[in-house]
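The values are calculated or read from the model by the stated rules, or taken from the named source; none is laboratory data. Everything quoted here is computed from the prediction, not taken from an experiment. Because the Cβ atoms are built from the backbone with ideal geometry, glycine has one as well, and the counts that use them run over all protein chains shown.
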Amino acid sequence: MKPESTTGSDEMTWDELISNLEFGLWSAVILIPIIWFIQGESVSPDQFYMRCGLTMIAVIGAPTMTLIRRRRQHENQTPEPQ
């Protein structure tokens, strides 16, 4: 068996990073209400603020990452003028 070469092909590109972040944020948007239902009411104000903060990050971040990904795909597909 040959050892794998380390030519940098295992490095993550920006497009892959954006896609992974987008997936994680949309997953959080879907799972946050379920987790809130299972855990019940917040025990302390700190827990409430953390829940609301993470929810806001997910709800704002998911569409933002989708727009960024779509914009990057559109920029990569448009031919350069000659």
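Screening the range 43-71 for residues that are surrounded by 12 or more Cβ atoms within 10 Å (Cβ to Cβ) and more than 15 Å from the chain's Cα centre (by Cα) and picking the one that is nearest to ALA28 (Cα to Cα) gives ARG51. Do you know which of the residues in the range 72-82 that are loosely packed, with under 12 Cβ neighbours inside 10 Å and either touching a Phe, Trp or Tyr at 6+ places or on another chain (Cβ under 7 Å) or charged (D, E, K, R) (or both) is farthest from SER27 (Cα to Cα)? The extreme case among them is GLU80.
Only one of the numbered conditions (1) in a loop (DSSP other than H, G, I, E, B); (2) at pLDDT 90 or above is violated by ASP46, and that is (1).
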